[in-house]
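First comes the structure, then the notes that go with it.
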């Protein structure tokens, strides 16, 4: 560290150069510091994992963070309006019949008990936490950004109008663009 006496002996041109260099270094450091953002990537279509994703997203939004959620493969079922079969080719109809139609049809990852598990969890959550559908509504009201994986749409036969939230259909590059600029990124499978 230079002392005040040392600085008095440095010519002004050297000081200007040093300040310019320090400002450039500071700008370089600022560019590498992540923004106040959270990125959540949801691969899973399980009820409990979807609940965790939305609770984390809503919590971050409540803290003033900018939140983006990226839905891919089975995770797309979480934000679908329902089961749409009309106008789809045979393989896409099969996939849509095998997947949950919407968030209301999701089963927990453990203790599903042939459909009773979700009813059990809904019963246990009463008065303790908001249901998944309400968590989704809160996320929309909080202006969370929703991204849907374009390759998943093509592979699974989902259409652009099948969503209960406003979505940005994009690819992996856009997801990485968001996640790499976020302070925190979560991948939920």
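The values are calculated or read from the model by the stated rules, or taken from the named source; none is laboratory data. Worth saying up front: this structure is predicted, and the values here are computed from it rather than measured. All Cβ positions, glycine included, derive from the backbone under ideal geometry; neighbour counts span all protein chains shown.
Looking at (1) more than 17 Å from residue 152 (Cβ to Cβ); (2) in a helix (DSSP H, G or I); (3) in contact with a strand residue (DSSP E or B) (Cβ under 8 Å, 6 or more places away or on another chain), can you tell me which one residue 25 breaks?
Unmet condition: (3).
Looking only at the stretch 9-24, decide whether some residue is in contact with a helix residue (DSSP H, G or I) (Cβ under 8 Å, 6 or more places away or on another chain) and surrounded by 18 or more Cβ atoms within 10 Å (Cβ to Cβ).
No.
For the stretch 50-68, check the following and say yes or no: at least one residue is at pLDDT 90 or above, on the phi > 0 side of the Ramachandran plot and either in the same structural domain as residue 136 (by TED's automatic domain parsing) or not in a helix (DSSP H, G or I) (or both).
Checking the stretch 50-68: at least one residue is at pLDDT 90 or above, on the phi > 0 side of the Ramachandran plot and either in the same structural domain as residue 136 (by TED's automatic domain parsing) or not in a helix (DSSP H, G or I) (or both).
Out of all the residues in the stretch 149-157, is one or more out of contact with any strand residue (DSSP E or B) (no Cβ under 8 Å at 6 or more places or on another chain) and under 20 Å from residue 56 (Cβ atoms)?
No, the stretch 149-157 contains no residue that is out of contact with any strand residue (DSSP E or B) (no Cβ under 8 Å at 6 or more places or on another chain) and under 20 Å from residue 56 (Cβ atoms).
With the requirement that a residue be over 27 Å from the mean Cα position of the chain (by Cα), assigned to a loop (DSSP other than H, G, I, E, B) and surrounded by 12 or more Cβ atoms within 10 Å (Cβ to Cβ), what does the stretch 86-99 give you?
Answer for the stretch 86-99, where residues must be over 27 Å from the mean Cα position of the chain (by Cα), assigned to a loop (DSSP other than H, G, I, E, B) and surrounded by 12 or more Cβ atoms within 10 Å (Cβ to Cβ): just 88.
Report whether or not residue 71 is closer than 20 Å to residue 122 by Cα and modelled with pLDDT of 95 or more.
Details: closer than 20 Å to residue 122 by Cα: no; modelled with pLDDT of 95 or more: yes.
Criteria not met by residue 71.
Taking the residues in the stretch 109-141 that are over 20 Å from the mean Cα position of the chain (by Cα) and not in a helix (DSSP H, G or I) as candidates, determine which candidate is modelled with the lowest pLDDT.
Kept after step one, since they are over 20 Å from the mean Cα position of the chain (by Cα), are these residues of the stretch 109-141: 110-129.
Remaining after also requiring not in a helix (DSSP H, G or I): 110-112, 126-129.
Values: 110: 81, 111: 76, 112: 71, 126: 85, 127: 84, 128: 83, 129: 84.
Among them, the one singled out is 112.
Considering the stretch 141-175 alone, what residues qualify as being without any contact (Cβ under 8 Å) to a residue 60 or more places away in the chain, more than 24 Å from residue 96 (Cα to Cα) and surrounded by fewer than 14 Cβ atoms within 10 Å (Cβ to Cβ)?
141, 173
Name the residues in the stretch 28-41 that are surrounded by 10 or more Cβ atoms within 10 Å (Cβ to Cβ) and out of contact with any helix residue (DSSP H, G or I) (no Cβ under 7 Å at 6 or more places or on another chain), would you?
Step one: filter the stretch 28-41 for residues surrounded by 10 or more Cβ atoms within 10 Å (Cβ to Cβ), giving 34-41.
Correct list: 34, 35, 36, 37.
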